[in-house]
Structures are given as structure tokens and as C-alpha cells.
Amino acid sequence: MISSRSPSTTALWVAWARAVEHRRPDRLFADDLAAAFLAAAGAEAGTPPAEFREALPAAVATRTAFFDEHLRSVTVGGIRQVVLLGAGLDTRAFRLPWSAETSLYELDTPEVLAFKETVLARQGAAAICRRTPLAIDLTDDWPTALCAAGLDPGQPVAWLAEGLLPYLEVEAVDRLLTAIGRLSAPGSTLALTYNPGALRALGSAPGGRHLDRVGVAHPALPGHPEPWLARHGWQAHAHDLIHQAVVHRRVPAAAMEHTSPGTSTCWLVTATIPGQQSHHQRPSR
Ligand SMILES: C[S@@+](CC[C@H](N)C(=O)[O-])C[C@H]1O[C@@H](n2cnc3c(N)ncnc32)[C@H](O)[C@@H]1O
């Protein structure tokens with residue numbers, strides 16, 4: 001069942017952060033639809049609490065650019081099926097240079113996708129690939145629905161779970177990983193954000209009450225994503241978010257002084273199935 005607390009608030013906050021990035025003269029990507037979602041939702045609903053307004057744009061711009069690069073590279077590598085789990089107000093279907101044969105599935109709750117489709121239709125937005133929105137709770141039988149919607153489990157898939165795991169209880173995250181594995185033909189890739197420690201810390205910080213209000217569960221996942229994903233059959237590379245933010249010029253290099261190797265709690269993760277063709281990004285520059 002979908003929580004009675006609307007999870008769509010944080011999808012709007014992410015769109016708000018992408019709209020901030022879109023307005024920058026040195027932007028890492030263009031996302032003009034982000035502002036349209038915010039306008040439709042109203043400023044009050046779409047603006048995150050003051051506590052998040054400095055860090056969120058840097059983190060979201062970094063992870064968006066990072067996963068844009070990842071998805072570009074895996075599709076150049078030949079993958080033609082992309083699944084966005086907890087897609088929210090992601091507009092990659094409209095802004096990345098997909099080949100016309102690419103099928104992209106967006107899975108999210110009915111309320112988020114209903115809002116999204118209304119705004120996209122009003123904007124006359126045209127997807128570059130074959131886009132299929134699929135309204136479903138990711139704790140239900142989404143694999144059956146996804147295959148019925150057209151996913152071919154015999155062909156490789158590029159999965160992306162960006163900003164999703166904090167919403168799910170730890171058992172649901174494990175079930176999700178198992179289901180993804182079953183639908184992943186050789187050559188598939190998996191990308192996700194992983195930050196259980198940071199969200200636990202935020203939960204007890206001044207802004208943390210807002211995360212509870214919007215339905216973020218702070219799941220107690222293992223501290224490091226690589227061994228955890230290895231247990232699910234994936235060979236993963238975890239990229240430190242702050243390091244990536246420096247690489248993408250979204251935090252000053254001085255921020256690195258506060259992190260040392262092995263202490264990160266926020267990762268951008270890319271993974272492949274060992275022994276298969278590798279499509280994932282190499283460890284960062
Ligand atoms: C923080 S937003 C991130 C959205 C998007 N991936 C992005 O980065 O812009 C998390 C999304 O996960 C969705 N979500 C959370 N729990 C879900 C569930 N059980 N089933 C389907 N979607 C869910 C929310 O509705 C929300 O759109």
C-alpha cells in the first residue's frame with residue numbers, strides 16, 4: 001500500500017533543485033520542465049524547507065549529471081531498455097539523446113504520475129524515446145506489470161533508482177533488488193543513490209522532521225553498498241557524492257577536507273552483473 005503521507009513532496013523538491021540548476025549560466029544539464037512542474041504545484045508545495053535549500057541543489061545537480069552520463073554511456077553500449085524506479089518528475093525521456101528504439105519505463109505512484117502526465121500534456125512535451133509511465137507501488141507486484149507493459153527480460157536493462165531507497169523499509173529494498181535481479185538479462189546495469197547514514201543523520205538534524213513528514217523511512221541498510229550489492233549478484237562501484245560534486249564543480253574542493261577515504265555516507269552507485277559486458281562508469285576522475 002502507498003503511504004497516506006504523500007511521497008510526491010520530495011519529487012517536487014528534487015524538481016525544484018533541478019530548476020535551480022537549469023537557471024545557472026554554467027548549468028550541467030537543461031531541464032525546463034522542472035519549472036513547469038513547480039508552477040503547476042504552487043510555490044509553497046514545491047519549495048523545500050530552508051534547511052535544505054543550500055545543499056539540495058548541489059547534491060541533485062551532481063547526481064543528475066552523474067546518472068545522465070551513466071545512462072548515455074550504457075545506451076551507447078547498446079542497452080535499449082531503461083527503467084526508472086521511483087521516477088518522480090524525472091524528465092530524462094525528454095532531454096537525453098536516446099535512440100528511437102529505446103524503451104524507457106517510469107514507475108511511480110498513481111498520484112505522482114497523474115500530476116506529471118497532466119503537466120507534460122499541458123506543455124506539449126514529446127519524449128525522444130518510447131516512454132511508458134507505469135503507475136504502481138514498488139512494494140506490489142511491479143515486475144508482472146512491467147513485463148505486461150512491454151519490458152523484455154530476455155534483453156538487457158539499465159535500471160535507475162535515484163532517491164528511492166530511503167522510502168522503502170529494508171525488507172522491501174531487498175525484495176526490490178531480488179526482483180530487479182530476476183529481470184536482468186546478461187549485460188544489464190543498475191544505478192542508484194545510496195545514503196542510509198546521511199539520511200539517518202538528517203532525520204535527527206533540524207530539517208529531519210520534514211523527511212518524516214513526507215514519508216522517508218530512513219531504512220537501516222548496510223553501511224557500504226558494494227558488499228550489499230555483491231550479495232545480490234552485482235559488481236558495484238560506489239562513487240562518493242561529495243567527490244563527484246567537486247568533479248562537477250558544485251561544491252568547493254575545500255569540502256573534501258571534511259571527508260577522508262572510507263568515511264563517505266553518500267554514494268552514487270553503478271553496477272553490472274559480473275562476467276558480462278561492462279557498461280558502467282569507471283571510478284571517477
Ligand atoms: C525523492 S523522489 C525522487 C524522484 C526521481 N527519481 C528523481 O530523482 O527526481 C522519490 C520518488 O519515489 C517514489 N516512491 C516512493 N515510494 C514508492 C513506492 N512504494 N512505489 C512507487 N514509487 C515510490 C515517490 O513517489 C517519489 O516520486
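Annotations for the structure displayed:
- Residues of segment 8-272: accessible area per residue with a 1.4 Å probe, Å²: 40 Å²
- Accessible carbon and sulfur surface of segment 8-272 relative to its total accessible area, %, 1.4 Å: 56 percent
- The string of couplings for segment 237-251 from the Karplus curve (6.51, -1.76, 1.60, θ = phi - 60°) is 10, 9, 10, 5, 4, 5, 4, 5, 5, 5, 4, 8, 6, 10, 9 Hz, one whole number per residue in order, with x for Gly and Pro.
- Label-point separation, residue 39 to residue 130 (7 Å along Cα→Cβ), nm: 3.2 nm
- ³J(HN,Hα), Karplus 6.51/-1.76/1.60, whole Hz, each residue of segment 30-47, x for Gly, Pro: 9, 9, 6, 6, 4, 5, 5, 5, 5, 4, 5, 7, x, 4, 5, 5, x, 8
- ³J(HN,Hα), Karplus 6.51/-1.76/1.60, whole Hz, each residue of segment 132-140, x for Gly, Pro: 10, x, 10, 7, 7, 7, 6, 9, 9
- Tensor-based shape of segment 8-272 (alpha-carbon gyration tensor, a/c under 1.5 rounded, otherwise prolate or oblate): rounded
- Whether segment 112-184 is rounded, prolate or oblate, judged on the alpha carbon gyration tensor where a/c under 1.5 counts as rounded: oblate
- For segment 64-164, a Kirkwood radius taken over Cα pairs fed into Stokes-Einstein (10 °C, viscosity 1.306 mPa s) yields D = 115 µm²/s.
- Total formal charge among the other residues, if their Cβ is under 13 angstrom from that of residue 191, Lys/Arg +1 and Asp/Glu -1: -1
- Amide H contacts of residue 82 (H built 1.01 Å from N, under 5 Å, at least 5 apart or other chain): 103, 104, 105, 158
The values are calculated or read from the model by the stated rules, or taken from the named source; none is laboratory data. Keep in mind that this is a model prediction, so the values were computed, not measured. Quick reminder, even Gly has a Cβ in these numbers, built from the backbone with ideal geometry, and neighbours come from all protein chains shown. The protein model used for the area step is the full one, side chains on, heavy atoms only, and it has no ligands, DNA or RNA in it. Shrake-Rupley method; radii C 1.70, N 1.55, O 1.52, S 1.80 Å.
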